[in-house]
Each structure stands twice: as C-alpha cells, then as structure tokens.
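Working notes, structure below.
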Amino acid sequence: MDEPRPTGPPRAGLRRRDRILMALLAGLMAAVAYLAFAGVRADARPGFPALPPGDAPPDFVLPALRDPSRTIASSDFFGSPTVGTFLSSTCVPCRTELPSLQRLADDHRGRGRIVGIDHLEFRDQGLRFVEELGITFPVALDETGGTAVAWLVPALPATCFLAEDGRVVR
C-alpha cells in the first residue's frame, strides 16, 4: 500500500538547506572574483611572488608608512641584497614572520636590507601593526594593492629575495 504524500508548503528544513547552499555559492563566487581581481596565478607558489628567478621585479614608488613625505622605490633595492616582504595586519602568519625578519635585519645590519610593503591597509592600521610588533625596517604603504598584483603575489605573507643587481633570486 502506498502511503499518502504530504501536501502543503515544503518543510522549513528544505528552505534552510537552500539558504545554506545559496550562501556557499555566493562565497565561492566571491572567492573566484577576488582571485581573478587580485591577479593570483594558479602556478604561483604560496608565500613567494611568482616572478621568475633572474627577472627584475616591476618598478614601484610608494609612500613610506612612517613618513608619507618620503618614498620607498624598487630602485632602492639596487646595490645590496634585499628581502622584500608583503604584509598586512589582517594576515595572521605575518605576526609570526615579521619578528623573525626584524631579528634578521638586526643581526645582519649593513650586509643587506629588509623592506616591507604594507598591502591594502590604511596608514593608521599599518602603523599600529608595525609598532605592536616592534618592526623598525622600512615599510612602504600600498593602499591600493597594485604592487602585489604587479609582483604576482599569491597570498600573504609573501617574501621575495633580490640580488645586489635587483633581480629576483627566489
């Protein structure tokens, strides 16, 4: 014997499931849009810009985080081995990496330099972040995120090693 099928409006559980599926779909679409907008490449390695070794990174001139009347430019990297790092106060792994880079800067002063690029932040956010962590090496402010896109940064933190001639080592 067949049991009668219920009639009437669908159960609330189906509507809840539909809402969850729609939220997941919207989140997935937002993630895809962000990755497309940010210029992230599928062949990029996490943590390192996807610039090929031996290439010169794209030029930039950005205001210094601590003193906006001064600038930090990619041309400043010539003449000394340089570690360039992209950072943000919203980047949890940056809180671990940056103090290590500060110790490296302190221990190897005069034998190379470390330069940070604060990605997609307002000046006051970036200043609080570097002060909280005790960062003293130069940090540029990139409020638009254009430098990270040009340097093919897949995710933060991203660190790039440059030789004395300004070319990418890794």
For the stretch 83-139, what does the relative contact order come out to in percent, with C-alpha contacts under 8 Å and a separation of six or more?
48 percent
Computed over the stretch 46-95: relative contact order in percent, which uses C-alpha pairs under 8 Å that are six or more apart
21 percent
Taking the stretch 99-170, which chymotrypsin sites (Phe, Trp or Tyr not before Pro) meet the DSSP loop condition and have no more than 12 other C-beta atoms within 10 Å?
122
With 0.36 nm assigned to each residue of separation and the Cα-Cα distance removed, residue 90 to residue 103 gains 2.5 nm
Please work out how much accessible surface residue 61 shows to a 1.4 Å probe, ignoring ligands, DNA and RNA, in Å² rounded to 10.
100 Å²
Note, the stretch 117-131: 3J(HN,Hα) by Karplus (6.51, -1.76, 1.60, θ = phi - 60°), whole Hz, Gly/Pro = x, goes 10, 7, 9, 6, 9, 7, 3, 5, 5, x, 4, 4, 5, 5, 5
Measure of exposure for residue 165: accessible area at 1.4 Å probe, Å² rounded to 10, is 80 Å²
Residue 144 versus residue 125: modelled label distance in nm, points set 7 Å from Cα along the beta carbon direction
1.7 nm
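The values are calculated or read from the model by the stated rules, or taken from the named source; none is laboratory data. Just so you know, these numbers come straight off a predicted model, no measurement behind them. Please note: Cβ atoms are built from the backbone with ideal geometry, for glycine as well, and neighbour counts cover all protein chains shown. Side chains are part of the model used for accessible areas, which takes the heavy atoms of the whole protein and leaves out ligands, DNA and RNA. Shrake-Rupley method; radii C 1.70, N 1.55, O 1.52, S 1.80 Å.
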